[in-house]
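What follows is a short report on a single structure.
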Amino acid sequence: DQQVKQNSPSLSVQEGRISILNCDYTNSMFDYFLWYKKYPAEGPTFLISISSIKDKNEDGRFTVFLNKSAKHLSLHIVPSQPGDSAVYFCAAMEFGNEKLTFGTGTRLTIIP
Amino acid sequence: DTAVSQTPKYLVTQMGNDKSIKCEQNLGHDTMYWYKQDSKKFLKIMFSYNNKELIINETVPNRFSPKSPDKAHLNLHINSLELGDSAVYFCASSQVLSSGGSKNIQYFGAGTRLSVL
């Protein structure tokens, strides 16, 4: 039973435009959400996170939006740059449980 | 200086063998994890240790045994390797906040690609 889903396995975006990556979850106990970025042959690296008490968190070119009622979050990257080409994983966790539950990832390709 | 380092990076072995993967973190974190990424790219937690004590143990065959000699190291030993064990194994660490709350940012190693032939 996959509790965190990323339904788009891949996404291509023109350089300079906005990239929007989506994530859905089913477990209403999740209260903290993270995005990780992964390059080939490397481990996932933390990008940005959001607590369930917020609906938006921004860090430079990266913004994460959380819609709790829809159990949906999204990552916006603007403007997209070639170095953003990577696999992006959405992850979630419950309060008091340090286990991260990951989605299957979305491969983002930025076209120069 | 690598924050979370795993060795080896690649491991090719025969079915039935026993192998170990080592993990070390120099971030001063008190919690370490092992994840498995299978052929479908699904990244799933296996174990977690906090200050050398096991705190998360997912449904993993008992052929897999984590060992934490100190809080900076968490090694993974696998007995009687099977074809289905072929995957990329990631080690991670984090500092769990004493104040509680879900602020767990986990830092990952580069992974160990295990191929069982």
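The values are calculated or read from the model by the stated rules, or taken from the named source; none is laboratory data. Predicted, not measured: the structure shown is a model, and the values here were computed from it. Positions of Cβ are generated from backbone atoms using ideal geometry, with glycine treated the same way; all protein chains shown enter the neighbour counts. The protein model used for the area step is the full one, side chains on, heavy atoms only, and it has no ligands, DNA or RNA in it. Shrake-Rupley method; radii C 1.70, N 1.55, O 1.52, S 1.80 Å.
Worth a mention:
- Close Cβ contacts (under 7 Å, 6 or more residues apart or on different chains) running from residues in the range A:1-21 that are within 12 Å of chain B (Cβ to nearest Cβ) to residues that are of a type in the set (D, E, K, R) comprise A:5/A:24; A:9/A:107; A:10/A:107.
- Just so you know, in the range A:22-54 the residues that are part of a strand (DSSP E or B) and without any contact (Cβ under 8 Å) to a residue 24 or more places away in the chain include one that is nearest to the other protein chains (Cβ to nearest Cβ), and it is A:46.
- Here residue A:102 fits the description: open to solvent by less than 50 Å² (accessible area, probe 1.4 Å) and hydrophobic (A, V, I, L, M, F, W, C).
- Annotation: of all residues in the range B:32-53 being basic (Lys, Arg) and in a strand (DSSP E or B), the one that is surrounded by the most Cβ atoms within 10 Å (Cβ to Cβ) is B:36.
- Among the conditions (1) in a strand (DSSP E or B); (2) open to solvent by 30 Å² or more (accessible area, probe 1.4 Å), residue B:56 misses just one, which is (2).
- Only one entry in A:69, A:74, A:80, A:85 is without any contact (Cβ under 8 Å) to a residue 24 or more places away in the chain, more than 14 Å from chain B (Cβ to nearest Cβ) and among the hydroxyl-bearing types (Ser, Thr, Tyr), namely A:69.
- Subset of the range B:1-21 [among the aliphatic types (A, V, I, L, M) and open to solvent by 80 Å² or more (accessible area, probe 1.4 Å)]: B:12, B:15
- Residue B:27 open to solvent by 20 Å² or more (accessible area, probe 1.4 Å) and assigned to a strand (DSSP E or B): no
- The set of residues in the range A:95-112 that are facing chain B (nearest Cβ under 7 Å), over 17 Å from residue A:42 (Cα atoms) and assigned to a strand (DSSP E or B) is empty.
- Every condition in (1) open to solvent by 30 Å² or more (accessible area, probe 1.4 Å); (2) assigned to a strand (DSSP E or B); (3) more than 14 Å from chain B (Cβ to nearest Cβ); (4) not β-branched (Val, Ile, Thr) holds for residue A:57 except the one numbered (3).
- All positions within the range A:80-112 that are over 16 Å from the mean Cα position of the chain (by Cα) and under 23 Å from residue B:35 (Cβ atoms): A:94, A:95, A:96, A:97, A:98, A:99
- Among the residues of the range B:7-64, those identified as more than 13 Å from every other protein chain (Cβ to nearest Cβ) and among the acidic types (Asp, Glu) are B:18, B:24.
- Residue match in the range B:84-95 (condition: closer than 17 Å to residue A:97 by Cβ and open to solvent by 30 Å² or more (accessible area, probe 1.4 Å)): yes
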